[in-house]
Amino acid sequence: MAEVNIMRIDAFSYREKISNAETVMLVPVGAVEQHGPHMPLGVDTILSTKMAELVAEKIDGLVAPTIAFGYKSQPRSGGGTHIVGTFGFSAAHVIESARTLVNELFRHGLKKMVFVNGHYENYQFVYEGVELALRDIRAISDKLPKVLILSYWDFVTPEALERLYPDGFPGWDIEHGGVLETSLMLEHFPDLVHMDRVMDHPPAQLTNYDVLPEIPERTPHSGCLSSAKPSSAEKGRILTEVAVSEMVKAIQTEFA
Ligand SMILES: [Zn+2]
């Protein structure tokens with residue numbers, strides 16, 4: 001399999017590859033965030049990069065440098081920034097990173113880009129960065145790039161969810177450090193997961209509103225919003241297959 005991540009490709013090969021205007025560039029977006037006692041801080045960065053690479057291999061695309069400094073974790077989706085181990089970068093940081101990458105990739109001649117988000121809280125700020133970049137480009141060119149923005153878990157189909165969560169799917173917001181991420185890590189990076197350290201507890205009881213400052217007691221001590229105990233590499237394989245093939249479908253449809 002040819003290398004797809006430009007961080008591991010030399011400039012001459014990179015230029016040759018993108019001289020084909022059809023080349024799709026995938027941009028992973030992650031975070032530095034605690035993921036319980038059983039997984040490393042880089043999970044969102046590691047998984048968004050892996051997902052982007054798997055998609056790139058299928059469509060003969062490339063993967064850009066990962067935006068690793070994601071927006072602040074929130075109690076209702078990632079445990080909250082009060083937990084040491086989580087780094088809370090500002091929205092401005094995420095917006096400018098996305099905006100800069102679109103501008104730079106366009107300057108390199110790329111016209112087809114896909115942001116692959118792996119951290120729930122990033123989404124709207126990636127959108128904002130892309131939108132601002134298109135305003136920048138509109139001022140100098142009438143040939144705008146086409147940019148897709150997606151979160152990889154949104155491509156897990158209802159049929160797959162039924163198979164993976166026989167007791168009912170709890171929702172992506174409380175999946176932080178739970179079965180989805182842990183299973184994907186077990187499938188692709190088993191050495192980084194320590195199942196013997198999983199803290200098994202009922203799903204976090206979340207309010208349907210936010211409270212600031214954060215109330216630390218409302219986040220389970222594990223830092224995870226649901227238990228990772230039912231995770232397995234087999235589930236990670238199913239999740240990967242369905243998410244990658246559905247992302248490829250969407251990309252091919254949009255860039256046909
Ligand atoms: Zn995560």
Open item on the list: Looking only at segment 46-66, how many residues end up being open to solvent by 20 Å² or more (accessible area, probe 1.4 Å) and touching a helix residue (DSSP H, G or I) at 6+ places or on another chain (Cβ under 7 Å)?
Closed with: 6
TODO: Determine whether segment 5-28 contains at least one residue that is small (Gly, Ala, Ser), under 19 Å from LEU101 (Cα atoms) and modelled with pLDDT under 95.
DONE: yes
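Within segment 234-249, is even one residue outside any helix (DSSP H, G or I) and either surrounded by fewer than 22 Cβ atoms within 10 Å (Cβ to Cβ) or touching a strand residue (DSSP E or B) at 6+ places or on another chain (Cβ under 9 Å) (or both)? Show your work before the answer.
From segment 234-249, those outside any helix (DSSP H, G or I) are none; that's our starting set.
The answer is no; no qualifying residue exists.
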TODO: Filter segment 102-126 for residues that are in contact with a helix residue (DSSP H, G or I) (Cβ under 7 Å, 6 or more places away or on another chain), hydrophobic (A, V, I, L, M, F, W, C) and outside any loop (DSSP other than H, G, I, E, B) and give the result.
DONE: VAL102, PHE106, MET113, VAL114, PHE115, VAL116, PHE125, VAL126
Task: Test: GLY223 is closer than 12 Å to SER77 by Cβ, within 13 Å of the ligand (Cβ to nearest atom) and not β-branched (Val, Ile, Thr) - done: no
Task: Selection within segment 216-233 - surrounded by fewer than 17 Cβ atoms within 10 Å (Cβ to Cβ) and either in contact with a Gly (Cβ under 6 Å, 6 or more places away or on another chain) or charged (D, E, K, R) (or both) - done: GLU217, ARG218, LYS229
Task: Residues of segment 150-178 satisfying the condition of being within 14 Å of the ligand (Cβ to nearest atom) and in a loop (DSSP other than H, G, I, E, B) - done: HIS176, GLY177, GLY178
Open item on the list: Anything in segment 115-149 that is open to solvent by less than 40 Å² (accessible area, probe 1.4 Å) and either in contact with a Ser or Thr (Cβ under 7 Å, 6 or more places away or on another chain) or within 16 Å of the ligand (Cβ to nearest atom) (or both)? List them, or say none.
Closed with: VAL116, ASN117, GLY118, HIS119, GLU121, ASN122, VAL126, GLY129
Task: Extreme residue, farthest from GLU33 (Cα to Cα), among residues of segment 67-94 that are open to solvent by 40 Å² or more (accessible area, probe 1.4 Å) and of a type in the set (S, T, N, Q) - done: SER90
Task: Matching residues, segment 183-195, being without any contact (Cβ under 8 Å) to a residue 60 or more places away in the chain and surrounded by fewer than 16 Cβ atoms within 10 Å (Cβ to Cβ) - done: PRO190, ASP191
Open item on the list: VAL27 - would you say it is touching a strand residue (DSSP E or B) at 6+ places or on another chain (Cβ under 8 Å), more than 14 Å from the ligand (Cβ to nearest atom) and on the phi < 0 side of the Ramachandran plot?
Closed with: yes
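Quick check on my filter: what residues within segment 20-42 are under 17 Å from ALA56 (Cβ atoms), in contact (Cβ under 8 Å) with a residue 40 or more places away in the chain and part of a loop (DSSP other than H, G, I, E, B)?
ALA21, GLU22, THR23, GLY30
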Task: Sole exception among (1) without any contact (Cβ under 8 Å) to a residue 60 or more places away in the chain; (2) not in a loop (DSSP other than H, G, I, E, B); (3) not charged (D, E, K, R) for LEU47, by number - done: (1)
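The values are calculated or read from the model by the stated rules, or taken from the named source; none is laboratory data. Bear in mind that the values here come from a model prediction, so they are computed numbers and not experimental data. Neighbour counts run over all protein chains shown; Cβ positions are idealised from the backbone, glycine included. The accessibility values were calculated without ligands, DNA or RNA, using every heavy atom of the protein model including side chains. Shrake-Rupley method; radii C 1.70, N 1.55, O 1.52, S 1.80 Å.
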